[in-house]
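Reading through the structure tokens given below for one structure.
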Amino acid sequence: MITKKEINSDGIEVISDAVIVIIMTVLVIQLPQLEQPSLAAIWKLKFSYLPYIISFIICITLWMNHHTIFQQVRTINNSVIIITAVLLVLLIILPYITSLLSENFHSLISQLIYSINFILVYITFLILTRCLVNISGKLNEISYNKKEVMIVLVLFILGISIGLNGYPELISVFCLLSSIVWYFI
């Protein structure tokens, strides 16, 4: 039986799924158009497409991990709703930030804005996971991998450090590596 402080988790899953699908749809709509259908035209837009590829990987990774943790939890509380709302707000601005980076790929400021949003999404997801662990008591089933957390955070710091030292494009490359680690570990 669900008590007054507990809420069924199905609603938050449905809302989160819908928002993530809408974000991915907006990302597809925003993809830069080819001048002509050729490999040369695709190659010309490689730096415009990379932020979209990274953003898709972020969305898919978040969506899969979100489902994994919510499969273990049937009830949530207001804290989970608030943290999820923050996470969704950070995701909602992802298409704008992706477009900004796509149009200004070599800009340090664009790279920093993109990576900071990614770091905030990741940290907010970790906070959500910790909150769900505290609610459910299923520490072993839900808890995040500390090795993964350290690798992802080190990659973020390394990418930003290299970017600040004259190679801003590498910030998004390290975001890509971080999202791959987040997905596979």
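The values are calculated or read from the model by the stated rules, or taken from the named source; none is laboratory data. In this text, all values refer to a predicted model and were calculated from it rather than measured experimentally. Please note: Cβ atoms are built from the backbone with ideal geometry, for glycine as well, and neighbour counts cover all protein chains shown. We work out accessible area using only protein heavy atoms, side chains counted, and drop any ligands, DNA or RNA first. Shrake-Rupley method; radii C 1.70, N 1.55, O 1.52, S 1.80 Å.
Of note:
- Given (1) surrounded by 15 or more Cβ atoms within 10 Å (Cβ to Cβ); (2) without any contact (Cβ under 8 Å) to a residue 40 or more places away in the chain, number of the condition residue 27 does not satisfy: (2)
- Where residue 106 falls short, out of the listed (1) in contact (Cβ under 8 Å) with a residue 60 or more places away in the chain; (2) in contact with a Phe, Trp or Tyr (Cβ under 8 Å, 6 or more places away or on another chain); (3) open to solvent by 50 Å² or more (accessible area, probe 1.4 Å); (4) assigned to a helix (DSSP H, G or I): (4)
- Residue check for residue 8: of a type outside the set (Val, Ile, Thr), touching a residue at least 60 places away in the same chain (Cβ under 8 Å) and out of contact with any Ser or Thr (no Cβ under 8 Å at 6 or more places or on another chain): no
- Residues that are closer than 23 Å to residue 112 by Cβ and crowded, with 18+ Cβ neighbours inside 10 Å are absent from the stretch 1-22.
One line per residue, one yes/no per condition, for (1) in a helix (DSSP H, G or I); (2) small (Gly, Ala, Ser); (3) over 19 Å from residue 132 (Cβ atoms):
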residue	(1), (2), (3)
15	yes, no, no
21	yes, no, yes
25	yes, no, yes
35	no, no, yes
42	yes, no, yes
47	yes, no, yes
54	yes, no, yes
58	yes, no, yes
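- Residue within the stretch 72-83 that is within 25 Å of residue 161 (Cβ to Cβ) and of a type in the set (A, V, I, L, M) present: no
- Of all residues in the stretch 30-54 being of a type in the set (Ser, Thr, Tyr), in contact with a helix residue (DSSP H, G or I) (Cβ under 8 Å, 6 or more places away or on another chain) and open to solvent by less than 40 Å² (accessible area, probe 1.4 Å), the one that is farthest from residue 69 (Cα to Cα): 48
- Any hit, the stretch 74-86, residues being small (Gly, Ala, Ser), under 17 Å from residue 20 (Cα atoms) and surrounded by fewer than 21 Cβ atoms within 10 Å (Cβ to Cβ): yes
- Residue that is under 16 Å from residue 68 (Cα atoms) and either open to solvent by 20 Å² or more (accessible area, probe 1.4 Å) or not charged (D, E, K, R) (or both), where the choices are 91, 128: 128
- Count of the stretch 144-185 residues, restricted to those that are hydroxyl-bearing (Ser, Thr, Tyr) and assigned to a loop (DSSP other than H, G, I, E, B), is 2.
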